[in-house]
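The values are calculated or read from the model by the stated rules, or taken from the named source; none is laboratory data. Worth saying up front: this structure is predicted, and the values here are computed from it rather than measured. Virtual Cβ from ideal backbone geometry, glycine too; neighbours counted across all protein chains shown.
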Amino acid sequence: MSNRALLEVIALDVEDAVAAQAGGADRLELVTDMAADGLTPPRETFAAIRAAVEIPLRVMLRRTDGFAAGDVSDLVRVARELRAEGAQEFVLGFLHADGTPDLAAVEAVVAELDGCRWTFHRAIDRAADRDQLRKALADVPGLDTYLTAGSPEGVEAGLPVLLAEAARGGEPGYGARILVGGGLTLAHLPVLRAGGIDAFHIGGAARPSGWGRPVSAEAVADWRAALS
């Protein structure tokens, strides 16, 4: 088994996706509307990106800002359409207002995914109890990754939590891979790698000129080099 670290890059469109792949990204997270922290992209966008690159794509299933599921039947419909378009990997995560996981919404969407692998996203950083959330989701099919900064404030604040969770790797609820993202910088990599974390997620860091500009293949290549 390779010990190569995984580098996932947020892509909004074909231009982003092609640049991220050229820079050495291993996987893309496809979203739209970063002003709302990333919503489900149109199926046409997914299809165009799928045709343009060869690396795996995880598609966001999120229809509204915040961490409430909203209209679950709408989420299920969108998941079905993306599956029909060829999507095989997804990103989702829903909380109740009290910060507990919305298991009913998660399970309804996951049932439509039919065994596809998926990431529970940074909703975990807003959970009332991270350990309880992980244990509640432990048996949900397909969950193989948590995208987390360890804290709502970002990786700098979350480092102790990330390292503590990585150390619990074999325990119930802790089998999924930790994918670190949210204010992640190159300076964080040595301590995270030393702690056994091997998956990293970048959005703004792949766009030195800001979200109004496309992904920079050079910036992605810098991250790939730092992880090699």
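Out of the residues in segment 113-134 meeting the condition of being of a type outside the set (Lys, Arg) and surrounded by fewer than 18 Cβ atoms within 10 Å (Cβ to Cβ), tell me which one is nearest to Ala166 (Cα to Cα). Going through the qualifying residues, I end up with Asp131.
Only a single item in (1) under 15 Å from the mean Cα position of the chain (by Cα); (2) surrounded by 18 or more Cβ atoms within 10 Å (Cβ to Cβ) is not met by Leu137, and it is number (1). Exactly one residue out of Arg130, Arg83, Arg77, Arg63 is of a type in the set (Lys, Arg) and more than 18 Å from Thr45 (Cα to Cα), and it is Arg130. Output yes when any residue across segment 175-187 is out of contact with any strand residue (DSSP E or B) (no Cβ under 9 Å at 6 or more places or on another chain), more than 22 Å from Met60 (Cα to Cα), in contact (Cβ under 8 Å) with a residue 12 or more places away in the chain and not polar (S, T, N, Q), and no when none is. Yes, because at least one residue in segment 175-187 is out of contact with any strand residue (DSSP E or B) (no Cβ under 9 Å at 6 or more places or on another chain), more than 22 Å from Met60 (Cα to Cα), in contact (Cβ under 8 Å) with a residue 12 or more places away in the chain and not polar (S, T, N, Q). The set of residues from segment 65-84 being surrounded by fewer than 22 Cβ atoms within 10 Å (Cβ to Cβ), in contact (Cβ under 8 Å) with a residue 24 or more places away in the chain and within 26 Å of Leu7 (Cα to Cα) comprises Asp65, Arg83.
For the structure I just gave you, tell me whether Glu112 is out of contact with any strand residue (DSSP E or B) (no Cβ under 6 Å at 6 or more places or on another chain) and under 17 Å from Leu92 (Cα atoms). Yes; evaluated as a whole, the condition is true for this residue.
This table checks each residue for (1) surrounded by fewer than 17 Cβ atoms within 10 Å (Cβ to Cβ); (2) under 18 Å from the mean Cα position of the chain (by Cα); (3) at pLDDT 95 or above; (4) assigned to a loop (DSSP other than H, G, I, E, B).
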{"site": "Leu184", "(1), (2), (3), (4)": "no, yes, yes, yes"}
{"site": "Leu189", "(1), (2), (3), (4)": "no, yes, yes, no"}
{"site": "Leu192", "(1), (2), (3), (4)": "no, yes, yes, no"}
{"site": "Phe200", "(1), (2), (3), (4)": "no, yes, yes, no"}
{"site": "Pro208", "(1), (2), (3), (4)": "yes, no, no, yes"}
{"site": "Pro214", "(1), (2), (3), (4)": "no, no, yes, yes"}
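Residue-level check: of (1) of a type in the set (Gly, Ala, Ser); (2) part of a loop (DSSP other than H, G, I, E, B); (3) more than 25 Å from Gly183 (Cβ to Cβ); (4) at pLDDT 95 or above, Ser151 misses just (3). Examine segment 163-170 for a residue that is in a helix (DSSP H, G or I), over 30 Å from Ala84 (Cα atoms) and small (Gly, Ala, Ser), and state whether such a residue exists. Yes, the conditions are met somewhere in segment 163-170.
Can you spot a residue in segment 221-228 that is closer than 15 Å to Leu7 by Cβ, hydroxyl-bearing (Ser, Thr, Tyr) and either at pLDDT 95 or above or crowded, with 19+ Cβ neighbours inside 10 Å (or both)?
no
Of the residues making up segment 68-106, those that are of a type in the set (Gly, Ala, Ser) and under 22 Å from Asp139 (Cβ atoms) are Ala69, Ala79, Gly93, Gly99, Ala104, Ala105. For segment 141-159, filtering for residues that are free of Cβ contacts under 8 Å to residues at least 40 places away in the same chain, of a type outside the set (Asp, Glu) and touching a Ser or Thr at 6+ places or on another chain (Cβ under 9 Å) leaves 6.
From the list Ala25, Ala52, Ala36, the one residue that fits, being of a type in the set (A, V, I, L, M) and in contact with a strand residue (DSSP E or B) (Cβ under 9 Å, 6 or more places away or on another chain), is Ala25.
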